[in-house]
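Take a look at the structure set out below.
The values are calculated or read from the model by the stated rules, or taken from the named source; none is laboratory data. Owing to the predicted nature of the structure, the values given are computational and were not obtained by experimental measurement. Here the Cβ positions follow ideal geometry from the backbone for every residue, glycine too, while neighbour counts run over all protein chains shown.
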């Protein structure tokens, strides 16, 4: 029974990664909110597991290898997409709500709006 269930793991992993991978690829941002360190650590563990499935067992287990290969493929693909996005959108500056520059921009906009309102309320003769 467990062997039959384990046979589905590679398919389930693939199906789980596909929507997120597509969404990540379509996003028009440099993806700075995604931790590359975490993905590198996951890739390390996936590569070690894949290597173990190839060389660490006396008898080759195709199911174990396939699951590890699918996992390694998608993790590496996500890392590559993140690097691509960061390169493609490198000129975009991400501003968080806590950033002081955002407060300064907001204050400046308010000042300009006040000046424009004063000019509109006092027509020149």
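As a summary of the residue check, residue 41 satisfies the conditions (1) in contact with a helix residue (DSSP H, G or I) (Cβ under 6 Å, 6 or more places away or on another chain); (2) without any contact (Cβ under 8 Å) to a residue 40 or more places away in the chain; (3) closer than 18 Å to residue 81 by Cβ except for the one numbered (1). Looking across the stretch 44-73, the residues that are more than 11 Å from residue 10 (Cβ to Cβ), touching a residue at least 24 places away in the same chain (Cβ under 8 Å) and crowded, with 17+ Cβ neighbours inside 10 Å come down to 46, 72.
Annotation: of all residues in the stretch 74-106 being assigned to a loop (DSSP other than H, G, I, E, B) and loosely packed, with under 12 Cβ neighbours inside 10 Å, the one that is modelled with the lowest pLDDT is 97. Counting only residues that are under 23 Å from residue 69 (Cβ atoms) and either touching a helix residue (DSSP H, G or I) at 6+ places or on another chain (Cβ under 9 Å) or outside the structural domain of residue 73 (by TED's automatic domain parsing) (or both), the stretch 13-33 holds 9 of them. The set of residues from the stretch 45-71 being assigned to a helix (DSSP H, G or I) and farther than 21 Å from residue 5 by Cβ comprises 45, 47, 48, 51, 54, 55.
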